[in-house]
Every structure is written in structure tokens, then in C-alpha cells.
Amino acid sequence: QVQLVESGGGLVQAGDSLRLSCAASGRTFSSPTMGWFRQVPGKQRELVAHITSGGYTNYADSVKGRFTISRDNAKNMVYLQMNSLKPEDTAVYYCAARPGYSTSYIYWGQGTQVTVSS
């Protein structure tokens, strides 16, 4: 089993930056796809960004150009650099992993709160 733990969330003002971290432990896969999701009350959880084992990245239109996902496989870490934060970015952010044999993300972290004030 894989355990994921997020950190780095907090309360910031619009225009500020935050860097979220995700630490993976346990029986990690050789090359899982890693993703960052976010969820606000009353809304469906949405994919913010993902990064494949080969380094390919993809972003939601709402964060493209502002957020950057990266990974350090040697340290079993995944990051989400968030710049130019907006109030609509306020959500609980989750780290997730999708192994190669699965069509969906099956490992999830506990989430970290990001609140952006105007």
C-alpha cells in the first residue's frame, strides 16, 4: 500500500504564492502518475494537474500558467507550485497516485486546506 501526505497549505492573500508538497511512502510503484486535485464544499472534486512517470504534465484551464506540478522520484516527493493565487483557488487540495495497471487514481492523501482572501 502507498501512503500520501500533503503539506504546505495555509491562508494567503490574492496574488501570493504557495508550494504544496506530497510525500509518498510504503510500497511505491516504479512509475505512477501523480496528480493534484482540489475540492470545495458542494462541488465535485476536480483534477488540477498531473504528471506522468515520463514528466508529461497537464493542467486544468483555470490554473494553466499559474501552477506548476513537479516530482522528485529519488525522494518520493511531488510538488505543486501555486503562483498568483486567486480567491477561487480556495479549496482542500489532495495528492493522488494512479498506478499503471489502474484507469483511476486509487491512492489519496488526507488533504491540505488552501484559503485565498481578496
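A compact table of results
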{"quantity": "Region 37-55: number of residues that are at pLDDT 95 or above and more than 23 Å from SER118 (Cβ to Cβ)", "calculated": "7"}
{"quantity": "From TYR105, TYR94, TYR79, TYR101, residue being among the hydroxyl-bearing types (Ser, Thr, Tyr) and free of Cβ contacts under 8 Å to residues at least 24 places away in the same chain", "calculated": "TYR101"}
{"quantity": "Some residue of region 90-98 being open to solvent by less than 70 Å² (accessible area, probe 1.4 Å), touching an Asp or Glu at 6+ places or on another chain (Cβ under 6 Å) and either among the small types (Gly, Ala, Ser) or under 16 Å from GLN3 (Cα atoms) (or both)", "calculated": "yes"}
{"quantity": "Flag if THR115 is open to solvent by 20 Å² or more (accessible area, probe 1.4 Å) and assigned to a strand (DSSP E or B)", "calculated": "yes"}
{"quantity": "Qualifying residue in region 53-64 (condition: charged (D, E, K, R) and without any contact (Cβ under 8 Å) to a residue 40 or more places away in the chain)", "calculated": "yes"}
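The values are calculated or read from the model by the stated rules, or taken from the named source; none is laboratory data. All values reported here derive from a predicted model rather than from experimental measurement. Neighbour counts run over all protein chains shown; Cβ positions are idealised from the backbone, glycine included. The accessibility values were calculated without ligands, DNA or RNA, using every heavy atom of the protein model including side chains. Shrake-Rupley method; radii C 1.70, N 1.55, O 1.52, S 1.80 Å.
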